[in-house]
1. Do the conditions hold for residue 90, that is, is it outside any helix (DSSP H, G or I) and either at pLDDT below 80 or closer than 28 Å to residue 21 by Cβ (or both)?
2. As an exercise: evaluate residue 40 against (1) at pLDDT 80 or above; (2) in contact with a helix residue (DSSP H, G or I) (Cβ under 8 Å, 6 or more places away or on another chain) and give the number of the one condition it does not meet.
3. Cβ-Cβ below 6 Å, separation at least six or inter-chain, first residue in segment 1-27 and on the phi > 0 side of the Ramachandran plot and surrounded by 11 or more Cβ atoms within 10 Å (Cβ to Cβ), second at pLDDT 80 or above and part of a loop (DSSP other than H, G, I, E, B): which pairs?
4. Specify which of the listed residues (76, 49) is over 18 Å from residue 33 (Cα atoms) and either at pLDDT 85 or above or part of a helix (DSSP H, G or I) (or both).
């Protein structure tokens, strides 16, 4: 998995968010911040990126749990992003 594929997954998630059932502003803002943070980590060298990932992982897991209860159709997409990042060592 490379950064381009992770970016593609994030864009797909955004598209689904915009076309699906409305989500609350808090959840949308959390997801946008997570997206920005992931993009920032992806732009760094691998060694430096590894030090920035624990917060991203815990926030992604929290978002996945919220999606699972509130928007189950999106939970799988969040898991895909987390899996892709894990395969990259992030």
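The values are calculated or read from the model by the stated rules, or taken from the named source; none is laboratory data. These numbers were taken from a predicted model, which means no experiment stands behind them. A quick note on method: Cβ atoms are made from the backbone with ideal geometry, for glycine too, and the neighbour counts reach across all protein chains shown.
1. Yes, satisfied.
2. For residue 40, the exception is condition (2).
3. Close Cβ pairs satisfying both conditions: none exist.
4. Of 76, 49, the one residue that is over 18 Å from residue 33 (Cα atoms) and either at pLDDT 85 or above or part of a helix (DSSP H, G or I) (or both) is 76.
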